[in-house]
Amino acid sequence: MLSDHAVCSDKTAVALQIRHDREYSGSTVIVGESIDINGVTVTAYPTGHTVGSTAFYWENEVGTRILVTGDVKDASQLPKCDVLITEANYGDHADSTCHFEDDIAGFNNAMEIDSSIAFGAYAFGKAQRAVELMREYGYNGAIEMEDKSRILTQQLLENCGELIGLGESGGESMCIVPPWDLGKLPREIAKYVLTGRDDYYYPSINISDHLDATGLVKMVEDIDPEVAIIYHPNGDRPTKFAEHLNSIGIESISIDNIKNVLSNEFI
């Protein structure tokens, strides 16, 4: 937010300013277009994690093609590269919780069963996905949202339809609030949390902002790098994902292990 060297998509800049209530000081790029950074042409590609989420691609001075992603939900538009630097949020193939599919049918069923319903969704990312799903389902009425979620959605989503504040409909509209606010709503409203977690009080519908383990592998296979460098999140999942990729013939290393490899080479 403070550095004039920062670069993000125009949509991400809007989200940052709304969420943190301060001006973003860096440069912006429209997803799908390019920006010049110190004489290097860097192209932004969508990753589908949140509105405006971006992967950055460039070639270095010897022609090596480099692609750096953050979290990824949709890798279909990412280009091939020589060096891929990417995430492993759900990269542990031995962990059954890392294998999942979005429960769109469950979401639609909830919409069909209950005329008064509230979805618990994080203000940035999941709330916008919830609005998209509700509109895709065919719901064209007003959607009640808490202020931060509503402002973010109005600024980030085209064709989001009518969004109103909590309580403005007199209980006659669908509702989206942060998960921890579901308990503040009237008891007669059916409540669900849009999450892959199972530790919430209310029933969950698995709607994820991430690729699962199988999707991450397919992403790397499609991008076809000479080497993949895995850097996120904290913990052992980057190492486990790199080990799995190596086991299927894709040269990979966790960023946590690069120091050890370099040290061994210089001994």
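Sort out for me the strands (runs of 3 or more DSSP E) sitting completely within the range 155-267 that have 3 or more residues that are farther than 18 Å from E132 by Cα and assigned by TED's automatic domain parsing to the domain that holds S53.
227-230, 252-254
Is it the case that the range 176-199 has a residue that's under 18 Å from T47 (Cα atoms), crowded, with 19+ Cβ neighbours inside 10 Å and among the β-branched types (V, I, T)?
No, the range 176-199 contains no residue that is under 18 Å from T47 (Cα atoms), crowded, with 19+ Cβ neighbours inside 10 Å and among the β-branched types (V, I, T).
Out of the range 220-234, which residues are more than 17 Å from T47 (Cβ to Cβ) and among the hydrophobic types (A, V, I, L, M, F, W, C)?
Passing the criteria: only V227.
So which residues in the range 17-38 are part of a helix (DSSP H, G or I) and either without any contact (Cβ under 8 Å) to a residue 60 or more places away in the chain or hydroxyl-bearing (S, T, Y) (or both), if there are any at all?
Q17, H20
Determine, yes or no, whether N108 is out of contact with any strand residue (DSSP E or B) (no Cβ under 7 Å at 6 or more places or on another chain) and outside the structural domain of S254 (by TED's automatic domain parsing).
Here the answer is yes, as N108 does meet what is asked.
Taking the conditions exactly as written (within 30 Å of P79 (Cα to Cα), without any contact (Cβ under 8 Å) to a residue 40 or more places away in the chain and in contact with an Asp or Glu (Cβ under 7 Å, 6 or more places away or on another chain)), does T153 satisfy them or not?
Criteria not met by T153.
Might you let me know whether the range 48-70 holds any residue that is hydroxyl-bearing (S, T, Y), within 16 Å of the chain's Cα centre (by Cα), more than 21 Å from A242 (Cα to Cα) and part of a strand (DSSP E or B)?
The answer is yes; a qualifying residue exists.
Would you check which residues across the range 127-141 are buried (at least 16 other Cβ atoms within 10 Å of the Cβ) and farther than 13 Å from N108 by Cβ and list them?
Within the range 127-141, A127, Q128, R129, V131 meet the criteria.
Among what's in the range 92-126 and is within 20 Å of the chain's Cα centre (by Cα) and of a type in the set (S, T, Y), pick the residue that is surrounded by the fewest Cβ atoms within 10 Å (Cβ to Cβ).
The selected residue is T97.
Please specify each residue of the range 78-126 satisfying the condition of being part of a helix (DSSP H, G or I) and out of contact with any helix residue (DSSP H, G or I) (no Cβ under 8 Å at 6 or more places or on another chain).
Those that are part of a helix (DSSP H, G or I) and out of contact with any helix residue (DSSP H, G or I) (no Cβ under 8 Å at 6 or more places or on another chain): S96, T97, A105, G106, N109, A110, E112, I113, K126.
Can you pull out every residue in the range 127-152 that is under 21 Å from the mean Cα position of the chain (by Cα) and part of a strand (DSSP E or B)?
M145
Out of the residues in the range 25-39 that are surrounded by 13 or more Cβ atoms within 10 Å (Cβ to Cβ) and polar (S, T, N, Q), state the one that is nearest to V51 (Cα to Cα).
T28
The values are calculated or read from the model by the stated rules, or taken from the named source; none is laboratory data. Everything numeric in this text was worked out from a predicted model, so none of it was measured. Quick reminder, even Gly has a Cβ in these numbers, built from the backbone with ideal geometry, and neighbours come from all protein chains shown.
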